[in-house]
1. Just order 153-163, 12-22 by mean Cβ neighbour count inside 10 Å, highest at the front, would you?
2. What is the Cα radius of gyration of the range 1-56 over 2.2 N^0.38 Å, N being its residue count?
3. Show the residues, 5+ positions off or on another chain, whose built amide H is closer than 5 Å to the amide H of Cys187.
4. Rounded to the nearest angstrom and ordered from largest down, what semi-axes does the equivalent ellipsoid of the range 220-274 get from its C-alpha gyration tensor (root of 5λ)?
5. At a 10 angstrom cut-off on C-beta neighbours, averaged per residue, how do the peptides 294-304, 231-241 rank from highest to lowest?
6. So what is the orientation-averaged projected area of the range 141-205, using the convex hull of its C-alpha atoms, in nm²?
7. Over the Cα atoms, compute the radius of gyration (one decimal) and Dmax (the largest Cα-Cα distance, rounded to a whole number) for the range 129-245, in Å.
8. Over what distance in Å are the Cα centres of the range 161-226 and the range 37-72 separated?
Amino acid sequence: MNEKLLLTDEVAAALADGQAVAALESSIVAQGLPEPDNLEVGQAMQDAVRRQGAIPAMTAVLDGRLRVGLTAENMARLAAAPDGQKCGARDLGPALALSLPGATTVSATVTIAAEAGISVFGTGGIGGVHRVTAAAKGGARADISADLLAMSRVPVAVVSSGAKSLLDLPTTLEALEALGVPVLGYCSDDFPAFYSGESGLSVSYRIDDLTVLAQALRAHWSLPGSGGILVCNPPPADIAMGRDEVEALVQDATAAANAAEISGGALTPFILSHMRRASNNQTLRVNTALAVANAALAGRLAVKLAALSVSER
Ligand code: PSU
Ligand code: MN
């Protein structure tokens, strides 16, 4: 019995039974999206996983346990400060010991998913290498998301629309290469740029067939030292924004972050909300649509992986 994990009955039964389960993060609800849309998006992501025949497992730290599977009440609690502190992989141990609540980012979610035996996770966009900003008075400073190292270590497939547009995408791709994380494009040649399907940068492999994609994950995990995999799902074409349009919004938001001397964990939420206001909520609509689409693809992939495991028994 794993004392630090608390699974809902539904998730525990599905895992014990070899049924498909897809993890979801709670930081996208607590920090990534504004109220009241955030709770609706969290619910819509869970519904999307279910529609594909998989069980959603949103993660968080609550009352000294790593939670796998959240109720609407749990989500509401995380969305309200101070419970919904942003929690990365390195925060999990201290948060457990100190009984501090936390909303899990990509790095924390893959860690909890792996501990629970879940191998697929759907989110909006991963963190990566930030553009060099003249952050506080100290001048230029490197800011690299913990998502990257966690993905290199932990064998969980992360389904996302690439990395967030506000990042230095070429350097983020280089980091993923150095960290040994395969970058697979599901029906996409381009490494998606979150709000936009195009970045002008290529994924390592494009795979259009879900069975082949699942086989690629299994083959990767059968090799020594393998960790996570990034599965890139472009934002839905009917709502995706143009690359230049997004870039202009990023430039403005980054300048505002510099002027306000925002750095550390507050940087990503600051830039996302600045872009949302500057675009009259267009970025929010795209973020919502892509997050739900990625949850659905994570659900489908979990179903495919579960079927491949059954066919082997
Ligand atoms: N996807 C979204 N919105 C978000 C995030 C993902 O659509 O806000 C979150 C994830 O939790 C990711 C985090 O881990 O943003 C990155 O934060 P940072 O750059 O501080 O590591
Ligand atoms: Mn950071």
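Each reported figure results from applying straightforward, stated rules to the coordinates on display, with no laboratory input. Quick caveat: nothing in here was measured; it's all calculated off a predicted structure. Note that each Cβ is placed from the backbone with ideal geometry, even for glycine, and that neighbours are counted across all protein chains shown.
1. 153-163, 12-22
2. Details: Rg = 13.1 Å, N = 56, 2.2 N^0.38 = 10.2 Å.
In units of the globular-protein estimate, the range 1-56 measures up at 1.29.
3. When sequence neighbours closer than 5 places are left aside, the close amide H contacts are Ile207, Asp208.
4. Those come to 31, 20, 8 Å.
5. 294-304, 231-241
6. Numbers: hull surface 17.6 nm².
Mean shadow area of the hull around the Cα atoms is 4.4 nm².
7. 15.0, 51
8. Spelled out, the Cα-based centre of one part sits 24 Å from the other.
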